[in-house]
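A.B. asks: Provided herewith is a single structure, encoded as structure tokens, for subsequent inquiry.
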Amino acid sequence: MSDQQVDQGKRTWLIATGVTGAVGGVATAVPFVSTFAPSERAKAAGAPVEVDIGAIKPGEKLTVEWRGKPVWIVRRTPEQIEALKKNDIQLADPNSERKAYPIPDYAKNEGRSIKPEYLVVVGICSHLGCSPSDKFAAGPQPSLPDDWNGGFLCPCHGSTFDMAGRVFKNKPAPDNLEVPPHMYLTDSRLLIGEDKKA
């Protein structure tokens, strides 16, 4: 066996182990780098959710998921915003003073919102965790009062909420619908789950 054949064999062996090592290094690095992205579990645990609200027309609702809960984004009509004032005397907590859910300061107003046009609430009844139905049309309807101004009806036990997610008096639900932390990134982009710029 000549020296040149031995060197050629060593060279092939070195190249093969080098390539194998590089492939192994990449195979190890890819999963490691991917751990920096939030997992589905982390997202469900509370990672913020960015939503495009530009296509929602007045009177429509968009539902997204945050922390495993439905979050409703309702674009209220001018009539629905105006009707909120008519409900105050009938509401259990018109000013959101109860502390079952921490309410952000920017939602401590009649519309419980940053922008009067948009309502952002968790769509879970504060009674037993059912999801209320949309009853946006005003006027008499089954299971609703004759002076109904629009809102939500929980079909499980009859709790009613106005278009700001405020619960009416003498209903099973003890509190208003929860307002999650949120902020507007642009006029058409909403971030749910965070309300402070880093």
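The values are calculated or read from the model by the stated rules, or taken from the named source; none is laboratory data. Because the structure is a prediction, the values reported are computed rather than measured. Note that we place each Cβ from the backbone using ideal geometry, even for glycine, and neighbour counts take in every protein chain shown.
A.B. asks: Looking at region 49-63, which of its residues are buried (at least 17 other Cβ atoms within 10 Å of the Cβ) and farther than 22 Å from residue 110 by Cα?
C.D. replies: Listed by number, the residues that qualify are 49, 51.
A.B. asks: Please enumerate the residues belonging to region 64-91 that are crowded, with 16+ Cβ neighbours inside 10 Å, within 26 Å of residue 170 (Cα to Cα) and over 18 Å from the mean Cα position of the chain (by Cα).
C.D. replies: 80, 81, 83, 84, 87, 90, 91
A.B. asks: In addition: Which condition number in (1) in contact with a Cys (Cβ under 9 Å, 6 or more places away or on another chain); (2) crowded, with 18+ Cβ neighbours inside 10 Å is the one that residue 133 fails?
C.D. replies: Checking residue 133 against (1) in contact with a Cys (Cβ under 9 Å, 6 or more places away or on another chain); (2) crowded, with 18+ Cβ neighbours inside 10 Å, the one that fails is (2).
A.B. asks: Say we look at region 171-198 and pick out the residues that are acidic (Asp, Glu) and surrounded by 15 or more Cβ atoms within 10 Å (Cβ to Cβ); which of these is modelled with the highest pLDDT?
C.D. replies: 178
A.B. asks: If residue 161 satisfies all but one of (1) without any contact (Cβ under 8 Å) to a residue 40 or more places away in the chain; (2) not in a strand (DSSP E or B), what's the number of the condition it fails?
C.D. replies: (2)
A.B. asks: Let me spell it out: the conditions are (1) out of contact with any Pro (no Cβ under 8 Å at 6 or more places or on another chain); (2) over 17 Å from residue 183 (Cβ atoms); (3) β-branched (Val, Ile, Thr), and residue 73 meets all of them except one. Which number is the exception?
C.D. replies: (2)
A.B. asks: Does region 92-109 contain at least one residue that is loosely packed, with under 14 Cβ neighbours inside 10 Å, touching a residue at least 60 places away in the same chain (Cβ under 8 Å) and farther than 25 Å from residue 191 by Cβ?
C.D. replies: no
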